[in-house]
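Report on one structure; see the data block that follows.
Values quoted throughout were computed directly from the atomic coordinates according to the rules given, and no laboratory measurement underlies them. None of the values given here were measured: they were computed from a predicted structure. Note: ideal-geometry Cβ built from the backbone for every residue, glycine included; neighbour counts use all protein chains shown.
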Ligand code: GLU
């Protein structure tokens with residue numbers, strides 16, 4: 001059986017996450033590929049919330065998905081479809097299948113199903129219901145489920161866009177329950193009806209759903225509907241090649257956000273997990289959209305590589321607008337309980353362009369800027385106190401006077417001034433640099449001395465030097 005073509009319809013893709021409390025990075029990658037393909041083809045990208053598990057599908061869990069997509073910049077092109085709200089429509093389609101013979105009522109008891117399961121396992125075959133070819137019993141109010149009447153022979157072939165043709169022997173597929181005895185529709189039925197009704201042309205999802213594609217294909221056929229094209233994406237593995245799990249660190253989109261990765265860096269990095277355009281590692285959304293094609297998605301599992309992600313994130317931090325970075329880093333400082341005073345805000349604005357080169361994450365950027373937020377007089381660390389002997393104090397005193405003469409308080413001339421001062425003292429920078437660094441930073445991470453001075457500003461820098469000298473003298 002070949003797939004009826006959906007190539008003549010405008011492309012409609014979707015992401016169909018189940019709200020489980022977190023948004024897995026694999027879901028984010030699937031969302032990205034569906035979004036890229038829709039943008040590439042001028043099609044539409046939709047969101048369906050698969051909230052049929054009423055216990056797990058809390059409002060908070062749904063919100064996590066909406067927030068995750070929004071943070072990633074992968075907004076769907078229409079309001080989300082909520083699967084649970086469509087149960088009536090799902091039941092209607094089960095009725096239709098009952099009418100056409102594509103489904104039947106199965107009155108097997110729980111015990112009978114368990115026995116059949118045992119027999120099937122022992123004989124290495126799929127579960128079969130005795131009601132497949134039997135009339136309904138006379139006791140009409142007996143509980144029943146509705147099962148799909150699948151073909152017993154032949155093969156179902158899914159021409160997967162990533163894996164190539166995948167063959168399922170029909171004899172190995174049991175007659176799937178479509179409707180439970182409480183009247184609730186099951187997962188595979190709901191997916192088929194929803195994908196059809198939403199006009200989905202391409203289903204790109206994790207390859208843990210590959211076997212569902214065989215079952216879903218049969219349901220599409222039984223309902224007389226054109227199938228979407230399927231593309232099953234390889235799993236994301238940890239750096240060691242094992243399936244991504246808690247011990248590899250972050251797995252949820254929210255965790256990556258908290259670790260200080262920028263959404264555009266995540267888009268770029270995730271795009272490379274399973275897809276590629278030659279050796280290009282860094283590319284814009286515009287380039288990714290222009291280049292993305294499902295045929296270039298590889299079938300081998302992709303490995304999460306933290307060093308690469310850090311490299312990509314650093315690239316986007318360096319290119320990011322400084323005011324935006326200041327706001328993001330300000331939130332991190334505030335989250336750590338730091339009060340950002342007016343002068344501190346201005347110092348942060350000056351510091352960010354001077355230090356961002358060395359930041360792999362926004363957390364790094366917070367660590368690299370915390371020194372400007374310290375409030376005078378700074379508590380000096382042990383190491384700095386040791387360095388502040390009489391000679392060094394005398395030198396720092398003279399340096400303060402010398403720096404105060406600087407007409408412009410910017411890194412390049414300040415760096416020259418430091419060199420000139422060292423020469424005039426007949427020593428190397430190493431003789432007073434570490435003490436100056438300690439005095440300016442209070443022991444926190446700081447960039448090179450000239451950048452630290454520029455970030456702090458004239459008054460704050462000279463004030464910190466004076467504070468330190470009066471503290472030890
Ligand atoms: N709800 C499924 C999941 O979260 C996805 C189903 C699909 O994409 O067809 O894994």
Please compute the length gained on full extension between residue 135 and residue 243, using 0.36 nm multiplied by the number of residues separating them and subtracting their Cα-Cα distance.
34.2 nm
Between helix 458-472 and the chain, what is the angle of the helix's C-alpha long axis to the longest principal axis, kept within 0 to 90° and rounded to the nearest 10?
70 degrees
So what is the calculated 222 nm ellipticity per residue for the chain, using -39500 (n - 2.57) for each DSSP H run with n of 4 or more, over all residues, to the nearest 500 deg cm²/dmol?
-14500 deg cm²/dmol
Nearest 10 degrees, 0 to 90: what angle lies between the long axis of helix 306-319 and the longest principal axis of the chain (Cα atoms)?
60 degrees
Pseudo-spin-label distance residue 390 to residue 100, built 7 Å along Cα→Cβ, given in nm, is 10.0 nm
Looking at the chain, send over the antiparallel percent of its DSSP beta bridges, to the nearest 5.
55 percent
Taking the Cα-to-Cβ direction at residue 381 and at residue 71 and moving 7 Å from each Cα, how far apart do the two end points lie in nm?
3.0 nm
Nearest-0.05 FRET efficiency for residue 419 and residue 55, computed from C-beta distance (R0 60 Å)
0.35
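Under the 0.36 nm per residue contour assumption, what length would be gained going from the current alpha-carbon distance of residue 211 and residue 290 to full extension? Don't jump to the answer; show the numbers that get you there.
Values: separation 79, 0.36 × 79 = 28.44 nm, distance 3.12 nm.
Between residue 211 and residue 290, full extension yields 25.3 nm more.
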Any idea what angle helix 59-72 forms with the longest principal axis of the chain, computed on alpha-carbon atoms, 0 to 90 degrees, nearest 10?
60 degrees
Provide the gained length on full extension for the span residue 22 to residue 363, in nm with one decimal, where the gain is 0.36 nm per separating residue minus the Cα-Cα distance.
120.6 nm
Taking the simple approach of a point 7 Å from Cα along Cα-to-Cβ for both residue 427 and residue 169, what is their distance in nm?
8.5 nm
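Grab the beta carbon distance between residue 63 and residue 112, set R0 = 41 Å, and tell me the FRET efficiency rounded to 0.05. Mind showing how you got there, number by number?
Working: r = 42 Å, r/R0 = 1.03.
Efficiency computed from Cβ-Cβ geometry: 0.45.
Can you tell me the FRET efficiency between residue 408 and residue 339 if r is taken as the Cβ-Cβ distance and R0 is 30 Å, rounded to the nearest 0.05? Numbers along the way, then the final one.
Numbers: r = 30 Å, r/R0 = 1.01.
In this case the efficiency is close to 0.50.
In square nanometres, what is one fourth of the surface area of the convex hull spanned by the alpha carbons of the chain?
Computing the convex hull of the Cα atoms and averaging its projections yields 29.2 nm².
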